[in-house]
Amino acid sequence: MSPKPIDQIPTTKTPILPVRAMDLANSTVGGNIEAIADLLKQGGVGDPLEMDDETLIDIMEHVVVVHGDLGTGERLDGAQLRRAIESSPFLRYQFIIFVLGLFHLKMACADAIWRIFIKPLQARLDSTSVMEDIGYLRPRETGKIISNPGFRRMHEVIGHDGTCRRLDCWRVEATKESSTFEDLDQYAESKPTFSDLIKVAGRLARNYVGKPSMLRRLRRRPVAQRDEQYENNLLVNQYFLLYEEITYAMNRGDIGHVEVCFAPWVCIFKATGKHKYASAMIKHITNVHFHYPAGLKKAIRHSMLVNPSGREGCFRAVDWVVELYNLFIKRVHGGSGSTRTMENIIKESILVQLFKHTHSTLEKNLVLSHLTTHHSEPDMTTTFATVTAHMAEKAVHCPNPGRKTKYTIVDMIGKGMQALKVSKGPGDNAADKSEGVDEADFELTPEEEDILLDMDL
């Protein structure tokens, strides 16, 4: 049962054409100017009058949408500023519109979760903490996850730990329905109807996700009545679900749903010190929904996700495709030994799609069994059983009045709203250099509480 899409991109296979690689310094403004010029030349588009080439397709009545990370966006802004003195729109690069790459945004979401729940030393000490679960999920990688986990490792940790935590929530609710249910297996054997499952899921969303209003109510109780670790775990569930939600929306190609997910993540980024991402998201939403005409708005929004395979649920961000082709060019088909030279890599880069299809054809003709480089999902049954047993033992989702915590996790959404309120706007340099507002108790205004209620957070 899938949620109703808000603005679904049509599920059709997106044609993708590789371009020749370039040996340029993309870390500089000048390098990005050269890259744009080279891409236009390879595409056969530009201003015939300025480039003295009548065979070029004139793009002066069109725009070129460029997707990339924040560094690319900053350097393109610098290029347009540097070219502002030029005489024609083409030389000013006035036709370029930068769009934030959603793959890099997703990586920033994973990093923000790491900053909240794993980076602080005290946050790892409770027996119900995320780090305690990681000790069961990835016992050999705890040091790596503490120091620098990288996106893929953190993505899997969020997915696996989030799954275990939601299973534990289901177990708690099942035991509340009947004392005869000791675990989820017994609950499943009772064969609940689909409507029963929907009702339980609704209770899970209301009672086990740390919405700011619920959290403030719990934390205002007398000390003897509070369960501080339980309060922390409600926030873990909320932020893990926010990450799962934006991942789901991107995979489904529902760009409207993706934009709805921007609101809480802007606050989280602002609170965790990732101010540039918060500013870029606000700028993107403002431009798309308030400045651009309807046609350009639709073109930009529907170009942020592509579908290389044409299958439902297989949408990918444009910058993900760029990173994939970088992998093909540099690693998979980059040569080896004496053939692995910069000259050969650049020369053959435009053929990587042909190489890929040729390999696939040979594998099928020779009836090889391994027709993909995609790794199968690991069997996590035993590991999940161990983690959920630990959660049941430590009563992760059962309130225990008087239970203390070594580290109180701050409501980052409320903290981010406070930081947004004191900042001057997306370009506020003072706010970008700060680490957000103080982590001490802060109060939201009635208007801010109404906003959070409208966001259903």
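Of the listed requirements (1) in a helix (DSSP H, G or I); (2) in contact with a Ser or Thr (Cβ under 7 Å, 6 or more places away or on another chain), Asp126 misses just one: (1).
Report yes if some residue within the range 55-62 is aliphatic (A, V, I, L, M), over 23 Å from Arg301 (Cα atoms) and out of contact with any Lys or Arg (no Cβ under 8 Å at 6 or more places or on another chain); otherwise report no. Yes, the range 55-62 contains at least one residue that is aliphatic (A, V, I, L, M), over 23 Å from Arg301 (Cα atoms) and out of contact with any Lys or Arg (no Cβ under 8 Å at 6 or more places or on another chain). Sort out which residues of the range 172-224 are exposed (fewer than 13 other Cβ atoms within 10 Å of the Cβ) and closer than 20 Å to Thr405 by Cα, and write them in order of number. Scanning the range 172-224 gives Arg217, Arg220, Arg221, Pro222, Val223, Ala224. Is the range 288-310 home to any residue that is within 14 Å of Gly253 (Cα to Cα), touching a helix residue (DSSP H, G or I) at 6+ places or on another chain (Cβ under 7 Å) and surrounded by fewer than 15 Cβ atoms within 10 Å (Cβ to Cβ)? No; the residues of the range 288-310 include none that is within 14 Å of Gly253 (Cα to Cα), touching a helix residue (DSSP H, G or I) at 6+ places or on another chain (Cβ under 7 Å) and surrounded by fewer than 15 Cβ atoms within 10 Å (Cβ to Cβ). Scanning the range 56-78 for residues that are surrounded by 14 or more Cβ atoms within 10 Å (Cβ to Cβ) and of a type in the set (A, V, I, L, M) yields Leu56, Ile59, Met60, Val63, Val64, Val65, Val66, Leu70, Leu76.
Pick from the range 14-55 the residues that are at positive phi and free of Cβ contacts under 8 Å to residues at least 40 places away in the same chain: which of them is surrounded by the most Cβ atoms within 10 Å (Cβ to Cβ)? Only one residue fits best here, namely Gly44.
Of all residues in the range 87-98, those that are in contact with a strand residue (DSSP E or B) (Cβ under 6 Å, 6 or more places away or on another chain), touching a residue at least 40 places away in the same chain (Cβ under 8 Å) and either within 17 Å of His275 (Cα to Cα) or not aliphatic (A, V, I, L, M) (or both) total 0.
Identify the residue in the range 192-215 that is of a type in the set (Lys, Arg) and modelled with pLDDT of 90 or more and, among all such residues, is farthest from Tyr230 (Cα to Cα). So, considering only residues that are of a type in the set (Lys, Arg) and modelled with pLDDT of 90 or more, the one farthest from Tyr230 (Cα to Cα) is Lys199. Within the range 235-260, the residues that satisfy the criterion of being surrounded by 23 or more Cβ atoms within 10 Å (Cβ to Cβ) and among the hydrophobic types (A, V, I, L, M, F, W, C) are Val236, Ala249, Met250, Ile255, Val258.
Having 1 or more residues that are modelled with pLDDT under 85 is the bar; report the helices (runs of 4 or more DSSP H) wholly within the range 297-368 that clear it.
Numbers: elements: 318-327, 342-348, 352-365.
Fully inside the range 297-368 and qualifying: 352-365.
Only residues that are under 30 Å from His289 (Cα atoms) and either touching a helix residue (DSSP H, G or I) at 6+ places or on another chain (Cβ under 7 Å) or not in a loop (DSSP other than H, G, I, E, B) (or both) were counted in the range 1-25, giving 6. Among residues of the range 182-205 that are farther than 14 Å from Arg171 by Cβ and among the β-branched types (Val, Ile, Thr), those with a Cβ under 9 angstrom from a residue that is at pLDDT below 90 and surrounded by fewer than 15 Cβ atoms within 10 Å (Cβ to Cβ), sequence gap 6+ or separate chain, pair up as Ile198/Met1.
Take the residues of the range 311-336 that are closer than 14 Å to Phe103 by Cα and of a type in the set (A, V, I, L, M, F, W, C): which is surrounded by the most Cβ atoms within 10 Å (Cβ to Cβ)? Among them, the one singled out is Phe315. In summary, helices (runs of 4 or more DSSP H) completely within the range 29-112 and bearing 3 or more residues that are within 23 Å of Ile255 (Cβ to Cβ) and at pLDDT 85 or above occur at 70-82.
Report whether or not Arg221 is at pLDDT 90 or above and in a helix (DSSP H, G or I). In short, no. In the condition set (1) aromatic (Phe, Trp, Tyr); (2) assigned to a helix (DSSP H, G or I); (3) within 25 Å of Val266 (Cα to Cα), Tyr136 is compliant with all but (3).
The values are calculated or read from the model by the stated rules, or taken from the named source; none is laboratory data. Computed from a predicted structure; not experimentally measured. In this analysis, Cβ positions are derived from the backbone assuming ideal geometry, glycine residues included, and neighbour counts consider all displayed protein chains.
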